[in-house]
Amino acid sequence: MTRRLVVEADGGSRGNPGPAGYGAVVRDAGTGKVLAERADFLGVASNNVAEYSGLVAGLRAALAIDPSARIEVRMDSQLVIEQMRGTWKIKHADMRRLADEVHALVDPADVTWTWVPRAQNGAADRLANLAMDRESGLVTDDASTGPLTPPSTDPAGSGTQSATGAGDPGSGRAPRPSGAGVRFDEEKPVTVVLVRHGQTAMTVSRGYSGSSEPGPPLDEHGQQQARAAAVLVDRIGHDLWGDIEYPSEIIASPMVRTQETAAIIAERLKLPVETVDLVKEADFGEWQGLTAEQIEERWPGELEPWHTRGDVRPPGGESIADVGVRLQQVFDDLLADGRGRTVVVVSHAVAIRAALGVAMGAQPGSWSQLRVAPASVSIVRLFADKRHEIAVVGVPSEGW
């Protein structure tokens, strides 16, 4: 009879990238007995690299025990699980390298890939945190090495509290922080971090700067704002909003100001930027570049209903509702591409208002009541049932 082994793997980074470590446990699938433990300190690395490193170490340990065994991998990283299943793309070079190591060890089609809540991955999480605490290897690569502490007989490890969030052993449900939207399921959302670009000359002049012209660029203060926003976004999934996955993708509007803002964030997060036309600013048509006073002088009585009704189009331009249709398509596309990940979207004031309005199910005429400051950060968690959650709306620091 073919032997069955369970690999539990995890990894973490304190800084993302920052001091990182991984942990892995190999169990007998039938008895839950721990057969091997692996853990090591990686130096400076990202969360995702640490998680992949734990997977590689766990697979190597399992194959050393029995190269012919049937393997099930259990991880609380939906990103790694879905990428190994082949349903999500692997975009980051370091993750592709580690994924290639996995493919060299096993045929992913022959492995069972199981996502588990963090509360059920406590044994591997404990080892990863010990590795980071000690900044050194915890066990040797000898498959006979015993566990550091008496092993649990629970193969899911559900009695261990995860360092990334207190679990509920009674329900097995992933932890939800105070103030989170109420849900009674374990559906994994897509988290969207909406970042408005930093200040430009048009921001200062209060002109309507839409998508029909590529400029203007960020001014000096706008660049400072973008750097502050990058620091804030880099903390997501680390010391801020720890229940949210660290960002793995950045998409941006094609306008100069959003591309510049996205580049500053991308440098901080060590991620590429994908340009997506759907997240561009509203097209203001003939109102482009004009102030509210100039628009009112030339088109008396039309600017206010554009904001308060939502379905009014400027000459040659888009209504607020039109922008909402685009952002709804973005949300649908992100949900279709897979759950459990965090995507940074660098966009504009009207487009972000539309995104937030769509997420809340509010009427387009009310969207202009949302204040979206330069370099502000808004977090939306998308669920398939459209009961989306807005986690926070804020700015990186005072005075922006």
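Which of the residues belonging to the range 369-400 are of a type in the set (Gly, Ala, Ser) and either at pLDDT below 90 or buried (at least 20 other Cβ atoms within 10 Å of the Cβ) (or both)? Don't jump to the end; show me each part of the working.
Restricting attention to the range 369-400, the residues satisfying the condition of being of a type in the set (Gly, Ala, Ser) are 373, 375-376, 378, 384, 391, 394, 397, 399.
Ala375, Ser376, Ser378, Ala384, Ala391, Gly394, Ser397, Gly399, listed by residue number.
List every residue pair whose Cβ atoms lie under 9 Å apart, where the two residues are 6 or more positions apart in sequence or sit on different chains, the first residue falls within the range 233-245 and is under 19 Å from Glu267 (Cβ atoms), and the second residue, located anywhere, is of a type in the set (D, E, K, R) and open to solvent by 30 Å² or more (accessible area, probe 1.4 Å).
Val233/Arg268; Asp234/Arg268; Gly237/Asp243; His238/Arg14
So how many residues does the range 192-236 have that are assigned to a loop (DSSP other than H, G, I, E, B), on the phi < 0 side of the Ramachandran plot and of a type outside the set (S, T, N, Q)? Break it down into steps so the answer makes sense when it comes.
Just the residues of the range 192-236 that are assigned to a loop (DSSP other than H, G, I, E, B), to begin with: 197-199, 206-217, 219, 235.
Filter again for on the phi < 0 side of the Ramachandran plot, leaving 197-199, 207-217, 219, 235.
When the remaining residues are screened for being of a type outside the set (S, T, N, Q), the result is 197-198, 207-208, 210, 213-217, 219, 235.
So the answer is 12.
Please verify whether the range 164-185 includes one or more residues that are open to solvent by 20 Å² or more (accessible area, probe 1.4 Å), at pLDDT 70 or above, of a type outside the set (Ser, Thr, Tyr) and within 30 Å of Val26 (Cα to Cα).
no
For the range 54-69, which residues satisfy the criterion of being part of a helix (DSSP H, G or I) and either open to solvent by 10 Å² or more (accessible area, probe 1.4 Å) or farther than 26 Å from Arg3 by Cβ (or both)? Steps first, please.
At the first step, the residues of the range 54-69 found to be part of a helix (DSSP H, G or I) are 54-65.
Of everything in the range 54-69, those that are part of a helix (DSSP H, G or I) and either open to solvent by 10 Å² or more (accessible area, probe 1.4 Å) or farther than 26 Å from Arg3 by Cβ (or both) turn out to be Ala57, Arg60, Leu63, Ala64, Ile65.
Hey, among the residues in the range 240-298 that are of a type in the set (Gly, Ala, Ser) and assigned to a helix (DSSP H, G or I), which one's farthest from the chain's Cα centre (by Cα)?
Once the filter is applied, the top-ranked residue is Ala292.
Tell me the residue from Pro214, Pro272 that is over 25 Å from Leu79 (Cα atoms) and of a type outside the set (A, V, I, L, M), please. Lay out the reasoning, then the answer.
Numbers: Pro272 fails: over 25 Å from Leu79 (Cα atoms).
Within the list Pro214, Pro272, the selection yields Pro214.
From the set of residues in the range 350-368 that are within 23 Å of Gly198 (Cβ to Cβ) and not small (Gly, Ala, Ser), which is surrounded by the fewest Cβ atoms within 10 Å (Cβ to Cβ)?
Among them, the one singled out is Leu356.
Only residues in the range 111-128 that are of a type in the set (Asp, Glu) count as the first member; pair them with residues that are part of a loop (DSSP other than H, G, I, E, B), Cβ under 8 angstrom, at least 6 apart or cross-chain, and list the lot.
Asp125/Asp76; Asp125/Thr160; Asp125/Ala163; Asp125/Thr164
Taking the residues in the range 318-349 that are part of a loop (DSSP other than H, G, I, E, B) and open to solvent by 20 Å² or more (accessible area, probe 1.4 Å) as candidates, determine which candidate is farthest from Gly285 (Cα to Cα). Steps first, please.
Residues of the range 318-349 that are part of a loop (DSSP other than H, G, I, E, B), as a first pass: 318-319, 337-341, 348.
Subset that is open to solvent by 20 Å² or more (accessible area, probe 1.4 Å): 318, 337, 339.
Details: Glu318: 7, Asp337: 33, Arg339: 36 Å.
Among them, the one singled out is Arg339.
Return the total of residues in the range 299-312 being in contact with a helix residue (DSSP H, G or I) (Cβ under 6 Å, 6 or more places away or on another chain), open to solvent by less than 80 Å² (accessible area, probe 1.4 Å) and not in a helix (DSSP H, G or I).
Going through the range 299-312 one residue at a time, the tally reaches 2.
Run down Glu51, Glu82, Glu72, Glu101 and say which single residue is assigned to a helix (DSSP H, G or I) and touching a Ser or Thr at 6+ places or on another chain (Cβ under 6 Å). I'd like the intermediate steps shown before the answer.
On the way: Glu82 fails: touching a Ser or Thr at 6+ places or on another chain (Cβ under 6 Å); Glu72 fails: assigned to a helix (DSSP H, G or I); Glu101 fails: touching a Ser or Thr at 6+ places or on another chain (Cβ under 6 Å).
None of the others qualify; the one that does is Glu51.
Keeping to the range 237-289, report how many residues are buried (at least 18 other Cβ atoms within 10 Å of the Cβ), touching an Asp or Glu at 6+ places or on another chain (Cβ under 8 Å) and on the phi > 0 side of the Ramachandran plot.
1
Pick from the range 186-233 the residues that are within 28 Å of Leu290 (Cβ to Cβ) and of a type in the set (Ser, Thr, Tyr): which of them is least open to solvent (accessible area, probe 1.4 Å)?
Here is the first cut: in the range 186-233, the residues within 28 Å of Leu290 (Cβ to Cβ) are 194-226, 229.
So of that shortlist, the ones also of a type in the set (Ser, Thr, Tyr) come out as 200, 203, 205, 208-209, 211-212.
On the way: Thr200: 2, Thr203: 40, Ser205: 62, Tyr208: 39, Ser209: 18, Ser211: 21, Ser212: 65 Å².
Restricting to residues being within 28 Å of Leu290 (Cβ to Cβ) and of a type in the set (Ser, Thr, Tyr), the top hit is Thr200.
The values are calculated or read from the model by the stated rules, or taken from the named source; none is laboratory data. The structure presented is a predicted model; accordingly, all values stated were derived computationally and were not measured. So basically every Cβ, Gly included, is an ideal-geometry build from the backbone, and we count neighbours across all protein chains shown. When the accessible area is computed, the model is the full protein with side chains, heavy atoms only, and any ligands, DNA or RNA have been set aside. Shrake-Rupley method; radii C 1.70, N 1.55, O 1.52, S 1.80 Å.
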